[in-house]
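The values are calculated or read from the model by the stated rules, or taken from the named source; none is laboratory data. Note that the coordinates shown come from a computational prediction; the quantities given were computed from them, not determined experimentally. Because the Cβ atoms are built from the backbone with ideal geometry, glycine has one as well, and the counts that use them run over all protein chains shown.
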Amino acid sequence: MTLTERAPTAAPEPERSTPRWRRPVLVLGALLLAVPLAAMLDLVAGRALSIGETWQALTGGAADSTAHHLVWQVRLPRVLVALGAGAALGLAGLILQAALRNPLAAPEVTGVTPGAVLGAVAATGAGLADWASPAAVMLAAVGGGLGGAGLLWLLTGRRHADPAGIAVHGVLVSAALGGLTAVTLLAAPGEIGSVVQWMVGTTEARTWQHWTLLWPWALGWGVLACLTAGPLMLLRCGEDVAEAAGLAPARARGLALLCAVALTAGAVASVGALGFIGLVVPHAALALFGADLRVALPGAALAGAVAVCGADAAAQLMSRAVNAWGAEQLSVPVGAVTTFVGAGVLLVVARRHAVEP
Amino acid sequence: MSELIGDPESATTDSAADAPTPGPAAALDVDRVSFGYPGRRVLDRVSLRVRPGEFVALVGLNGCGKSTLLRLAAGVLRPESGRVSVDGADMARTSRREAARKVALLHQAAPAVPGLTVRQLVRQGRYAARGPLGMLRVGDDEVTVRAMRDVGVDAWADRPVDALSGGERQRVRLALALAQDTPVLLLDEPTTYLDLRHQLEVLQLVGRLRDERRLTVLMVLHDLDLAARFAERLVALRDGHVAAEGPPDSVVTPGLLREVFGIEGRVGRDPERGWPVCYPDRPLRLP
């Protein structure tokens, strides 16, 4: 028996290929619909206004000026910042996982998030930035994030091609930077309350200024990241395959990591160290869209936006419930929700991976 | 967005047979190439010429520099001295992308990528042929489909690669190399981890593709018998030198077994087809 006889040579019928792209497109469409839904939910979830009042204020109906201010100056920027930060974190996480070939690579464990936190905390501690001025905090966070990633880059030395080495060093760098943040906080306690909230991840008190700082940064790096889908996909296939196919892996990986660092730093600068989004959203995106990163990257951005916005809505609803129980001043930060839910999802992912060979 | 998602190949599968064929086969020239890692010389002034359309097997012990020579030939590594050229063009002056349009290299093993389908993996071979941003080019998908069809994996195009057996996966990886549509194909032990049946299948397939596509093939093989049977010419490496080369009939001798493989053995003939067959007896004590 020869190979040609045995090999399936039937040409694939043209009809068969339709479902191949239909599924990702449908999922993408569903996610696109989910974004305004999550945004609306987040918009009405706050405690001070009812749904009707919110809607009236939004449509410019006969609402009083307080409601108008609340919706337009407090809630809307909060929702937009949540969407933007979520998209940036989801995208950054998928880039890191693909470029480092590690399903556990995430902004939190590659020195980027801890670096950004340290940068912001140190800048406020030293009086260079103030929580009331987002621009300075953002600048410090971006600088810190780049610094954290740079430190990792220097530590891994000539082993940039080794994903396992990067992962191990990333955890070490992250731990060290986290320790430094704690030391800084102890040395200059200052506004420890808002700092701690921010370290958990919060969307409270975000202003239009946060949004105007976040969106051009996130959009620019996000578009660049999506354009590197081809090289990223090759990097995910491994160094040898990428090189043989004509990619210069070191350069491609450098560019991809730069995108991930910039996106993370931007997100962390605006909402703080939101846990688990960059780790869990990429898994969801790959499961929903398949391994084709040309679709999965924008998909991860959308999924991240929906996840953070939905988590923020959940956090606000929980705050309502907590307040009804009597704790008037307590508000649940969105980071608490993402961390709890994310840890649960990750547990499921880990178990599923453990079952597979 | 629709440009990224829309999959033009579905409409054009019929024209796969008209996909561009590589031009006339190219010659691969390795000229006095030396290469080493810090503290270890791997290749020392190795010369090797593969004529256009020729099928050459590279044999030798583990660590003798076979895989390194293949990487140098593909332009993935740069020689310390000497020159590697494809059809006269110096690979050291060729960009990675340009080199991948001339030479395809199939590594021994590739890590698994969760969820990646056969089609998605094979399409990665088109990277070098695409524009800088990696957007699809006309003809891209025909080449991908044709590569899958040539190795007989097109029926599984939309199945995940991890779900395939070892032999099937090896054919998919061969399709990935073919999708580069290069005149030169370099294979690093394409039969590793395969059972006898799949070893035969893969080598027969390479031979057939060589004939159909006029490929120039240089292949590292561990199995001397298979190398002698499928290759037109053998090149034996030992300690970074070419120890012997020529047609299998004249190269595979007890002397070769002794000097290159460090074993005492006898060499016979296949009673019907006449190719050399080795009967290894015992390893020699290393000097």
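Quick notes on this one:
- Region A:100-159, residues that are part of a loop (DSSP other than H, G, I, E, B), free of Cβ contacts under 8 Å to residues at least 24 places away in the same chain and farther than 23 Å from A:THR212 by Cβ: A:GLY127, A:GLY157, A:ARG158, A:ARG159
- Every pair of residues 6+ apart whose Cβ atoms lie under 6 Å, when the first sits in region A:32-59 and is farther than 16 Å from A:ALA303 by Cβ while the second is surrounded by fewer than 18 Cβ atoms within 10 Å (Cβ to Cβ) and of a type outside the set (A, V, I, L, M): A:ARG47/A:ARG320; A:ALA57/A:HIS68
- Any hit, region A:326-335, residues being closer than 21 Å to A:GLU204 by Cα, away from every other protein chain (no Cβ under 14 Å) and in a helix (DSSP H, G or I): yes
- In the set (1) more than 19 Å from B:LEU178 (Cα to Cα); (2) in contact with a Lys or Arg (Cβ under 8 Å, 6 or more places away or on another chain), B:TYR37 fails one condition alone, (2).
- Among residues of region B:71-98, those that are out of contact with any helix residue (DSSP H, G or I) (no Cβ under 6 Å at 6 or more places or on another chain), within 10 Å of another protein chain (Cβ to nearest Cβ) and buried (at least 16 other Cβ atoms within 10 Å of the Cβ), counted: 3
- Reported count of residues in region A:286-301, each being assigned to a helix (DSSP H, G or I), within 11 Å of chain B (Cβ to nearest Cβ) and not basic (Lys, Arg), is 10.
- Check on B:ALA104, more than 18 Å from B:GLY240 (Cα to Cα), free of Cβ contacts under 8 Å to residues at least 40 places away in the same chain, buried (at least 18 other Cβ atoms within 10 Å of the Cβ) and among the aliphatic types (A, V, I, L, M): no
This table checks each residue for (1) without any contact (Cβ under 8 Å) to a residue 12 or more places away in the chain; (2) in contact with a Gly (Cβ under 8 Å, 6 or more places away or on another chain).
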{"position": "A:PHE276", "(1), (2)": "no, yes"}
{"position": "A:GLY290", "(1), (2)": "no, yes"}
{"position": "A:GLY299", "(1), (2)": "no, no"}
{"position": "A:ASP312", "(1), (2)": "no, no"}
{"position": "A:ASN323", "(1), (2)": "no, no"}
{"position": "A:VAL337", "(1), (2)": "no, no"}
{"position": "A:GLY344", "(1), (2)": "yes, no"}
{"position": "A:VAL348", "(1), (2)": "yes, no"}
{"position": "A:ARG352", "(1), (2)": "yes, no"}
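- In the set (1) at pLDDT 85 or above; (2) surrounded by fewer than 23 Cβ atoms within 10 Å (Cβ to Cβ); (3) at negative phi, the condition left unmet by A:GLY290 is number (3).
- When the residues of region B:107-118 are filtered to those that are within 20 Å of B:PRO190 (Cα to Cα) and more than 7 Å from chain A (Cβ to nearest Cβ), the one that is surrounded by the most Cβ atoms within 10 Å (Cβ to Cβ) is B:VAL118.
- Top-ranked residue in region A:229-260 [being part of a loop (DSSP other than H, G, I, E, B) and either of a type in the set (D, E, K, R) or without any contact (Cβ under 8 Å) to a residue 60 or more places away in the chain (or both); ranked as nearest to the other protein chains (Cβ to nearest Cβ)]: A:GLY246
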